[in-house]
Structure formats: structure tokens, C-alpha cells
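Colleague: Take this structure first; my questions come after.
The values are calculated or read from the model by the stated rules, or taken from the named source; none is laboratory data. These figures come from a predicted structure and were not determined experimentally. Counting neighbours? That spans all protein chains shown, and the Cβs are built from the backbone with ideal geometry, glycine included.
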Amino acid sequence: MNKSAVVIQGPVKGNLYNLVTNYTKAHHIIFTTDHDCDNIINIYQCRDVVDGGVGNINRQANTTLCGLALAKLMGYEFSLKIRTDFSIPKIEEFIHMLEEMYTGKIIFYTWHVDGYMVDYLMYGKTDDLIDFWTIDEHNGEFAERILLNNYNKKHGTNIVSFEDSKEYFDYCINKLPENNIDFYWQKYNLTNEHYEYHKSTYLG
């Protein structure tokens, strides 16, 4: 049994079949609140939230926590959480890289220049990700800031910069083999826009 689950969160429209094709060899759990995903294998529909919240954070947290809870129930100690608009063709190689670089800290994609962790993907112990996505307070001007503010409060930290964050989190952007792992990112009506990895590239 693989020790890492792939928890995919978000709407399934547009990118679904790309995801299913890419992740057939890795165990994946796709959670969504879409109502048009009946009879699609490995898709789980969550009960929707009443209030989506700032930047849809409540809906993101709800579907993410549903997926992580199932991963834990299925016995996966570790999880890779990604979004349905962000897919990785070489998923098995990528998970192996994350397993090798894991040092006990949650791994994110990178730190955004505006002062928050980019949420395209994250990897770590399933219990740690559940803790991160459990939101107690909704103070913050956008979703990623709300998540970081909650982490700060729960753990007594004061992470406001990249330097602050390195004690508590790790980032995979500098560990990726150059020109070897590609990402496909669909957002803002960009259909199958292809972003090839380079060390100087920020996708934020």
C-alpha cells in the first residue's frame, strides 16, 4: 500500500479527466461540492457550506477536511493535498520526491512574494494537514492569510515572512528537478495552460 494519499479539492469541471488520467496509478480522493459529478469514479461530493467565506475559504476547508478525514480512515499516514485546477503529470515521481525530502514540516509549493504560502499543493502527515485546515477564526483579507493567521494563533507562532516560515514549513520549488516535473494550472479561464518548471518561476 502506498503510504501517501492524494487528496484533490475543488470543482471538477474542465480539468477532471486530466486529473483522472494522470493519477490512475496513485490512490487519489477527489472531493467537491459540484452537483454534476454523478457516476464519475473516485469523486466524492461533500455537503456544501452555507457561507463560502472570504475567497471561498469555508468551502475549500470543508472539502479538504472531508478528503483528509477519508485518507486518515483508509490508513494513510501522509497526504498530498492539491487543487483540481492544478495537476502534475509525473505524480508518482513527485510524491516520491516529497517523501524523500520530508523532515517533519508541512511542505508547500512556495512562499508568495506578497507574504503568504502558495496553496497549489501541500504535503505532510495527514493529521498535521487536518490541523492546518481546521479554521477557528476568520480574520484576514484573503483565504491564504486566514489559514496562516489561524496557524499562528494555534501554535503560538508569528510567521509573517519567508524567513519566519522556514522554521515551521518547507518548500518544494527549490527541490524540483529542473525541467523534469511539469504542472498544468487552470485558472481565470486559462484552459490547459502549461507551466514548465524553472527555478526562477513563481506561479503566484
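Colleague: Yes or no: ILE146 of a type in the set (Val, Ile, Thr) and either in a helix (DSSP H, G or I) or touching a helix residue (DSSP H, G or I) at 6+ places or on another chain (Cβ under 8 Å) (or both)?
Modeller: yes
Colleague: Applying the selection to the stretch 96-109, what residues are within 15 Å of the chain's Cα centre (by Cα) and within 11 Å of LEU176 (Cα to Cα)?
Modeller: LEU98, TYR109
Colleague: Also: Please count how many residues of the stretch 103-132 are over 18 Å from GLY67 (Cα atoms), free of Cβ contacts under 8 Å to residues at least 40 places away in the same chain and surrounded by fewer than 19 Cβ atoms within 10 Å (Cβ to Cβ).
Modeller: Summing the residues that are over 18 Å from GLY67 (Cα atoms), free of Cβ contacts under 8 Å to residues at least 40 places away in the same chain and surrounded by fewer than 19 Cβ atoms within 10 Å (Cβ to Cβ) in the stretch 103-132 gives 1.
Colleague: I need the full set of residues from the stretch 168-182 which are at pLDDT 90 or above and either farther than 15 Å from LYS105 by Cα or surrounded by fewer than 17 Cβ atoms within 10 Å (Cβ to Cβ) (or both), in order please.
Modeller: TYR168
Colleague: Please go through the stretch 83-101 and give me each residue that is in contact (Cβ under 8 Å) with a residue 60 or more places away in the chain and either β-branched (Val, Ile, Thr) or surrounded by fewer than 17 Cβ atoms within 10 Å (Cβ to Cβ) (or both), ordered by number. Steps first, please.
Modeller: So in the stretch 83-101, the residues in contact (Cβ under 8 Å) with a residue 60 or more places away in the chain come out as 83-95, 97-99, 101.
Within the stretch 83-101, THR84, ILE88, PRO89, LYS90, ILE91, GLU92, GLU93, ILE95, GLU99, MET101 meet the criteria.
Colleague: The conditions are (1) in a loop (DSSP other than H, G, I, E, B); (2) farther than 21 Å from TYR102 by Cα; (3) charged (D, E, K, R), and LYS154 fails exactly one of them. Which is it?
Modeller: (1)
Colleague: Filter the stretch 70-82 down to residues that are in a strand (DSSP E or B) and surrounded by 22 or more Cβ atoms within 10 Å (Cβ to Cβ), then give me how many there are. Working first, answer last.
Modeller: Of the stretch 70-82, the ones in a strand (DSSP E or B) are 78-82.
The next check asks that each one be surrounded by 22 or more Cβ atoms within 10 Å (Cβ to Cβ); those that pass are 79-82.
Number of matching residues: 4.
Colleague: Could you look through the stretch 51-95, keep only residues that are of a type in the set (Ser, Thr, Tyr) and within 11 Å of the chain's Cα centre (by Cα), and pick out the one that is modelled with the highest pLDDT? Let's see the steps before the verdict.
Modeller: Within the stretch 51-95, the first condition is being of a type in the set (Ser, Thr, Tyr), and the residues that meet it are 63-64, 76, 79, 84, 87.
Imposing the further condition that a residue be within 11 Å of the chain's Cα centre (by Cα) reduces the set to 64, 79, 84, 87.
Numbers: THR64: 88, SER79: 93, THR84: 77, SER87: 73.
Top of the filtered list is SER79.
Colleague: Anything in the stretch 96-117 that is modelled with pLDDT under 85 and of a type in the set (A, V, I, L, M, F, W, C)? List them, or say none.
Modeller: Passing the criteria: only VAL113.
Colleague: Here's another thing I want to ask about it. Give all pairs with beta carbons closer than 8 Å in which a residue from the stretch 160-171 that is touching a residue at least 12 places away in the same chain (Cβ under 8 Å) meets a residue that is loosely packed, with under 13 Cβ neighbours inside 10 Å; count only pairs at least 6 apart in sequence or on separate chains.
Modeller: TYR168/HIS155; ASP170/THR103
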